[in-house]
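K.L.:
This is the structure, below, for whatever I ask next.
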Amino acid sequence: MDDVRQLVVAGAAAPWEGSEGWRQRRLSAVNACSLARNFVTAGMDVVVADVLNEETLAVYRASLDGVLVVHLHVAYGRARERAEGRPVYITWDEFAMLHREQRSMAVVDLWLDTTRLTVQETTERLLAAWVTE
């Protein structure tokens, strides 16, 4: 989703930057759904990785048939450890806000705690869930 959001050059607003940020966040979800539908129509499987809120979740549910919504949970301390090992383009306050926001995401199809999982273990569990859907 970051790639879709970064298509906006002039006037780009981060999701936490007031009403314009919220508007662009929703628009990015709408555009991601359009891309996903195009790929599915071409016979491809699609994964969209996004940090959801209730509004963007509603966009995905309404726009994509058969969508499987997975919440990849990670404890805050572990999330920070992981983030410190790669480039971070937001402040730690913004990071914490996004992490807190995810606690309200109760209506998902699969909630997977990845705090103690490796990337390989997480991938295996996701693939197993996807195959059964």
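K.L.:
I'd like to verify a number: residues in the range 17-49 that are surrounded by fewer than 13 Cβ atoms within 10 Å (Cβ to Cβ), β-branched (Val, Ile, Thr) and at pLDDT below 95, how many?
P.N.:
Total meeting the criteria: 1.
K.L.:
Hey, another quick one. Out of curiosity, is residue 120 among the polar types (S, T, N, Q), free of Cβ contacts under 8 Å to residues at least 24 places away in the same chain and surrounded by 13 or more Cβ atoms within 10 Å (Cβ to Cβ)? Explain how you work it out, then say what you get.
P.N.:
Details: among the polar types (S, T, N, Q): yes; free of Cβ contacts under 8 Å to residues at least 24 places away in the same chain: yes; surrounded by 13 or more Cβ atoms within 10 Å (Cβ to Cβ): no.
Judged against the criteria, residue 120 is not a match.
K.L.:
Residue 57: surrounded by 12 or more Cβ atoms within 10 Å (Cβ to Cβ) and more than 20 Å from residue 5 (Cβ to Cβ), yes or no?
P.N.:
Details: surrounded by 12 or more Cβ atoms within 10 Å (Cβ to Cβ): yes; more than 20 Å from residue 5 (Cβ to Cβ): no.
No: the conditions fail for residue 57.
K.L.:
Is there a residue being within 19 Å of residue 119 (Cβ to Cβ), part of a helix (DSSP H, G or I) and under 13 Å from the mean Cα position of the chain (by Cα) anywhere in the range 24-42?
P.N.:
no
K.L.:
Report yes if residue 77 is exposed (fewer than 15 other Cβ atoms within 10 Å of the Cβ), assigned by TED's automatic domain parsing to the domain that holds residue 7, farther than 17 Å from residue 1 by Cβ and small (Gly, Ala, Ser), otherwise no.
P.N.:
Values: exposed (fewer than 15 other Cβ atoms within 10 Å of the Cβ): yes; assigned by TED's automatic domain parsing to the domain that holds residue 7: no; farther than 17 Å from residue 1 by Cβ: yes; small (Gly, Ala, Ser): yes.
It is false that residue 77 is exposed (fewer than 15 other Cβ atoms within 10 Å of the Cβ), assigned by TED's automatic domain parsing to the domain that holds residue 7, farther than 17 Å from residue 1 by Cβ and small (Gly, Ala, Ser).
K.L.:
Going residue by residue through the range 109-116, is there one that turns out to be more than 28 Å from residue 14 (Cα to Cα) and loosely packed, with under 15 Cβ neighbours inside 10 Å?
P.N.:
Checked the range 109-116: at least one residue is more than 28 Å from residue 14 (Cα to Cα) and loosely packed, with under 15 Cβ neighbours inside 10 Å.
K.L.:
Hey, another quick one. Mind counting the residues in the range 1-23 that are closer than 19 Å to residue 97 by Cα, in a helix (DSSP H, G or I) and either touching a helix residue (DSSP H, G or I) at 6+ places or on another chain (Cβ under 7 Å) or among the aromatic types (Phe, Trp, Tyr) (or both)?
P.N.:
The total comes to 2.
K.L.:
Of all residues in the range 96-109, count the ones that are out of contact with any Phe, Trp or Tyr (no Cβ under 9 Å at 6 or more places or on another chain) and either over 18 Å from residue 72 (Cβ atoms) or not acidic (Asp, Glu) (or both).
P.N.:
6
K.L.:
Another question, if that's okay. With the requirement that a residue be modelled with pLDDT under 95 and over 16 Å from residue 105 (Cα atoms), what does the range 50-76 give you?
P.N.:
65, 66
Residues checked against (1) closer than 21 Å to residue 127 by Cα; (2) of a type in the set (Phe, Trp, Tyr):
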residue: 27; (1), (2): no, no
residue: 38; (1), (2): no, no
residue: 44; (1), (2): yes, no
residue: 51; (1), (2): yes, no
residue: 72; (1), (2): yes, no
residue: 76; (1), (2): no, yes
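K.L.:
Taking residue 86 as the residue in question, decide whether it is under 16 Å from residue 49 (Cβ atoms), surrounded by 15 or more Cβ atoms within 10 Å (Cβ to Cβ), free of Cβ contacts under 8 Å to residues at least 40 places away in the same chain and out of contact with any helix residue (DSSP H, G or I) (no Cβ under 9 Å at 6 or more places or on another chain).
P.N.:
No.
K.L.:
Tally the residues that are under 20 Å from residue 26 (Cβ atoms), among the β-branched types (Val, Ile, Thr) and not in a helix (DSSP H, G or I), restricting the search to the range 56-74.
P.N.:
Final tally of qualifying residues: 2.
The values are calculated or read from the model by the stated rules, or taken from the named source; none is laboratory data. Everything quoted here is computed from the prediction, not taken from an experiment. Methodologically, a virtual Cβ is constructed for each residue, glycine included, from the backbone with ideal geometry; neighbour enumeration extends over all protein chains shown.
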